[in-house]
Amino acid sequence: MEILILPTAAEVTQLTAHIVSRRLRATPDLVLGCATGRTMERLYAALVALHQTEHLSFAGCRTFNLDEYVGLSKSDPRSYHTYMVEHLFRYVNLKRTNTHLLNGTAPDLAAEARLYEAKIEACGGIDLELLGLGEVGHIGFNEPLSALRSRTRDKTLTPTTREQNAEMFGEELSEVPRRALTMGVGTILDAKEVLLVVTGEKKAGILASATEGPITAMISATALQLHPNCKVIVDEAAAAKLAGRDYYRWVFENEPEWQAYR
Ligand code: GLP
C-alpha cells in the first residue's frame, strides 16, 4: 500500500485522473472498476475534461461498477446506473455495450451476482479498480462483517450508510433502499491495481483505521492492506489522523514515479 497525501481535494482529483488516463493510454481496452459517491463525481468530471481537451479515448475501455441499490430500476434517477450516465457515460466515447452494472431489479439477485462475476472473469478481470471510502469503512457496499473473501452478492445497508447516502434521496431516509448488490471484498482484491480516493476531515478517523489499523471484517477497507498494488490518494484533511503521515510524505517525495506531481 502506498499513501499519497496531496494538499487539496482538487489535487487529489488531478493526480487520480492522471493515473487513470495513463493506464487507459497504455491499455486502450482497460477494464476499469467504477465507484460512485460524491468523491467520484470530481474524478469523472476531470476524466471528461481530459476526454474533451486531451483526446483521452474510452473507445476500447470496459467498465464494471461496484454496486447498485436493490429495488431501483436502471432508469431511476437515484440509481447508480443513472449516476454513471450523468457523470461519465454520456460525455465520453465509451461503448454502452462495454459498460456493466448490476441490475438491482433482477428477480434472482444471487443469479445476477453470479452472472456479474462471470462477466468480469470473461473480460480477464479488473485492471484498475476505483474506490471511495464509506463512513463505516466500507468499499463498495461491503458493510461491517463482510467476509474478506466475499464475492458479489446482496447486502443489508447499515443505518450509517443509509444516512450518508440520504442526500441523493432528497434527505428522505425512508426513501434510501435497505439493500444493495455489491462486488465482494474478494472480487475487489482480485483487481490488478486499486486506487482508493478519500477526501475531507469527516473521513480522517475511518481512513486511519482502514490503512493503519488491524485487518478486520468490521472495516472492509482494511482488506486493501493485503493488496499488492494499492494506492490510497488523500487530501490533508483526510490525512489528519494518520500516524505515519510524515513517512508517507517522505516516500512520495522520493519515489521517481511521482516526480512530475510534486
Ligand atoms: C457509497 C458507495 C461507495 C462509496 C461511498 C463514498 O456508499 N457505495 O462505493 O465509496 O458512497 O461516498 P462519498 O464519496 O459520497 O463519501
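The values are calculated or read from the model by the stated rules, or taken from the named source; none is laboratory data. This is a predicted model, so every value here is computed, not measured. A quick note on method: Cβ atoms are made from the backbone with ideal geometry, for glycine too, and the neighbour counts reach across all protein chains shown. To get the accessible areas, we keep the full protein, side chains included, count just its heavy atoms, and leave off ligands, DNA and RNA. Shrake-Rupley method; radii C 1.70, N 1.55, O 1.52, S 1.80 Å.
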Restricting the search to the stretch 44-84, which residues are hydrophobic (A, V, I, L, M, F, W, C) and assigned to a loop (DSSP other than H, G, I, E, B)? Leu56, Phe58, Ala59, Cys61, Leu66, Val70, Leu72
When the residues of the stretch 92-124 are filtered to those that are more than 29 Å from Thr160 (Cα to Cα), open to solvent by 20 Å² or more (accessible area, probe 1.4 Å) and touching a residue at least 24 places away in the same chain (Cβ under 8 Å), which remaining residue is nearest to the ligand (Cβ to nearest atom)? Thr99
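Here is a yes/no grid of residues against (1) in contact with a His (Cβ under 9 Å, 6 or more places away or on another chain); (2) under 16 Å from Ala191 (Cβ atoms):
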site: Ala113; (1), (2): no, no
site: Tyr116; (1), (2): yes, yes
site: Ala122; (1), (2): no, yes
site: Gly125; (1), (2): no, yes
site: Leu130; (1), (2): no, yes
site: Gly134; (1), (2): no, no
site: Gly137; (1), (2): no, no
site: Glu143; (1), (2): no, no
Take the conditions of a type in the set (Gly, Ala, Ser) and open to solvent by 20 Å² or more (accessible area, probe 1.4 Å) and apply them to Gly200. Does it pass? yes
Among the residues of the stretch 230-262, write down those that are open to solvent by 80 Å² or more (accessible area, probe 1.4 Å) and of a type in the set (Gly, Ala, Ser). Ala243, Ala260
Odd one out for Thr82 among (1) more than 16 Å from the ligand (Cβ to nearest atom); (2) open to solvent by 20 Å² or more (accessible area, probe 1.4 Å); (3) of a type in the set (S, T, N, Q): (1)
Flagged pairs (Cβ under 9 angstrom, 6 or more apart or on separate chains; first in the stretch 224-245, more than 10 Å from Ile3 (Cα to Cα); second of a type in the set (Val, Ile, Thr) and surrounded by fewer than 17 Cβ atoms within 10 Å (Cβ to Cβ)) are Gln225/Ile215; Leu226/Ile215; Asp235/Thr8; Glu236/Thr8; Ala237/Thr8
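Show me the helices (runs of 4 or more DSSP H) found entirely inside the stretch 149-262 where at least 2 residues are under 20 Å from Leu130 (Cα atoms). So that I can check it myself, show each step before the final result.
Values: elements: 159-164, 185-189, 204-212, 236-239, 245-254.
Helices (runs of 4 or more DSSP H) meeting the threshold: 159-164, 185-189, 204-212, 236-239.
Mind listing whichever residues of the stretch 192-244 are polar (S, T, N, Q) and more than 16 Å from the ligand (Cβ to nearest atom)?
Looking only at the stretch 192-244, we keep the residues that are polar (S, T, N, Q), and these are 199, 209, 211, 216, 220, 222, 225, 229.
If the condition is that a residue be polar (S, T, N, Q) and more than 16 Å from the ligand (Cβ to nearest atom), then Thr216, Gln225, Asn229 are the ones that fit.
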Sole residue being open to solvent by less than 50 Å² (accessible area, probe 1.4 Å), out of contact with any Phe, Trp or Tyr (no Cβ under 9 Å at 6 or more places or on another chain) and more than 13 Å from the ligand (Cβ to nearest atom), chosen from Leu88, Leu128, Leu133: Leu128
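Here is a check on your reading of the model: is Thr182 touching a His at 6+ places or on another chain (Cβ under 7 Å) and either under 16 Å from Leu72 (Cβ atoms) or loosely packed, with under 15 Cβ neighbours inside 10 Å (or both)?
Numbers: touching a His at 6+ places or on another chain (Cβ under 7 Å): no; either under 16 Å from Leu72 (Cβ atoms) or loosely packed, with under 15 Cβ neighbours inside 10 Å (or both): yes.
Judged against the criteria, Thr182 is not a match.
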Single residue of the stretch 13-43 satisfying the filter (part of a helix (DSSP H, G or I) and open to solvent by 60 Å² or more (accessible area, probe 1.4 Å)) that is nearest to Leu88 (Cα to Cα): Glu41
